[in-house]
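Accompanying notes for the structure given below.
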Amino acid sequence: MITKNNQSKVRSFSGKILEPLALGLLALLFIIPALTVMNLKPLTKDTKDFSNVLGVTTNSQIIVDLIGGTHEILSVEKIYKDGESGYRYGTLLAQRDSDFYSKPILQITNNTNEEKILTFLGSTLHPTQSKIGLIINDQAYGLQDSTGQSELVEILLKPRVAYDIYLTVENTVDIQFSEEFEMKIGIK
Amino acid sequence: MSNLLKKALKLSLLPAILMIAGKFFGLFVLIAFYSIQFSVGNEISGIFSTQIFLPTSETTLFVNSLSDLAMISILGISTIYMILQTTLLQSTKNNPRTIAKVVKFNMLKWITSKTSTFLQIFIWTTFVVISSIITITNSLQGDTYLWVGISAGVISLLCIWGLIKTFEIETEKIYPSSSKHSYF
């Protein structure tokens, strides 16, 4: 049976633990709004120069749009500007069973009135026995073969046309570890 | 846990929310009202990873200034209201003329309905001072109009002065002034 003395001891002990936490919480109640308000300060950036905003990048009216979504082996997808007219796409390929996988990764739109040439060069950081490629407009292209050799893919982007780019991964053996995949995209 | 700490936590919530809400709604009401094109970015710079981008520096200055003013006004007006309520209440207790005036202007209920404590005024004034420091810093960096920075400074000084007055009133309750009370 808990005596009154024990109850007061427990209360005093819990008070000693809770008091520093409450003090920290009180300090946070002052710090968090201050930091939030400082972060809410708007910045000036010309809309034409929005290059790294929520995965959407633009260049000379060529729009490179990250499709996103979830996939069983593709995660942490990102796209960022690389130089004047290039972009870099990156993703993490999770450990996987031997199979063929594909996912729409990018939508590239040509808003200009002239044809553009797109180049893709991608590979995993370490060679694996996976074949990695792209499907663009129902046409398959190889980016990296099972020995780890990369190949440059070049396609013609017609004016006023949008293409969905699919990334394909095929492996004949189970892959037991995650690997990073990076692809350079060039626009000419 | 001490009652003072519990009360301080409880009293800090509202001004903390109002400080963020004042800036946030000030910002987005202006953007919506003037149909300003904006974008949210996620470039990692310093400790922050999300930014609001506006197209021109004039627009940025205008939106930032008025949203700072909205934030400081919400906090400042509320704090000044609480200070007035407390000082008027004390004044009516000591001065029959004030109570007559309060009754004349039909403000008796306003004063007696709810009294603000010193702790509450202290917390609200702290938030006003924090907001003023941010606004004045923005003003010195040229990110906010100078008159907004000056207004923030004035509101902050008024609140500090009110806080000192409230402190004097509270201490007078404990240690009454010898000139007002004669024990002989």
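The values are calculated or read from the model by the stated rules, or taken from the named source; none is laboratory data. On a predicted model such as this, the values are computed, not experimentally measured, just so you know. With ideal geometry, Cβ positions are generated from the backbone for all residues, glycine too; neighbour counts draw on all protein chains shown.
Rundown of residues vs (1) more than 9 Å from every other protein chain (Cβ to nearest Cβ); (2) surrounded by 13 or more Cβ atoms within 10 Å (Cβ to Cβ); (3) modelled with pLDDT of 80 or more; (4) more than 30 Å from B:SER67 (Cβ to Cβ), yes/no style:
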site: A:LEU23; (1), (2), (3), (4): no, yes, yes, yes
site: A:ALA27; (1), (2), (3), (4): yes, no, yes, no
site: A:ASP46; (1), (2), (3), (4): no, no, no, no
site: A:ILE67; (1), (2), (3), (4): yes, yes, yes, yes
site: A:TYR87; (1), (2), (3), (4): yes, yes, yes, yes
site: A:ALA94; (1), (2), (3), (4): yes, yes, yes, yes
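I'd like the residue in the range B:4-23 that is more than 7 Å from chain A (Cβ to nearest Cβ) and buried (at least 17 other Cβ atoms within 10 Å of the Cβ) and, out of all such residues, is farthest from the chain's Cα centre (by Cα).
Going through the qualifying residues, I end up with B:LEU11.
Only one residue in A:SER123, A:SER98, A:SER130, A:SER75 is out of contact with any Asp or Glu (no Cβ under 8 Å at 6 or more places or on another chain) and small (Gly, Ala, Ser). Which one? Please lay out each step first, then the result.
Values: A:SER123 fails: out of contact with any Asp or Glu (no Cβ under 8 Å at 6 or more places or on another chain); A:SER98 fails: out of contact with any Asp or Glu (no Cβ under 8 Å at 6 or more places or on another chain); A:SER130 fails: out of contact with any Asp or Glu (no Cβ under 8 Å at 6 or more places or on another chain).
On inspection, the qualifying residue turns out to be A:SER75.
If B:GLY26 satisfies every condition in (1) among the small types (Gly, Ala, Ser); (2) surrounded by 18 or more Cβ atoms within 10 Å (Cβ to Cβ); (3) more than 11 Å from every other protein chain (Cβ to nearest Cβ) but one, which is the exception?
Here B:GLY26 meets the rest and fails (3).
Tally up the residues in the range A:138-157 that are surrounded by fewer than 12 Cβ atoms within 10 Å (Cβ to Cβ) and part of a loop (DSSP other than H, G, I, E, B), please.
Matching residues across the range A:138-157 total 3.
Does A:LEU167 satisfy being modelled with pLDDT of 85 or more, part of a strand (DSSP E or B) and surrounded by fewer than 18 Cβ atoms within 10 Å (Cβ to Cβ)?
Numbers: modelled with pLDDT of 85 or more: yes; part of a strand (DSSP E or B): yes; surrounded by fewer than 18 Cβ atoms within 10 Å (Cβ to Cβ): no.
Judged against the criteria, A:LEU167 is not a match.
Does A:THR109 count as modelled with pLDDT under 90, in a loop (DSSP other than H, G, I, E, B) and closer than 23 Å to A:LYS78 by Cβ?
Numbers: modelled with pLDDT under 90: yes; in a loop (DSSP other than H, G, I, E, B): no; closer than 23 Å to A:LYS78 by Cβ: yes.
Here the answer is no, as A:THR109 does not meet what is asked.
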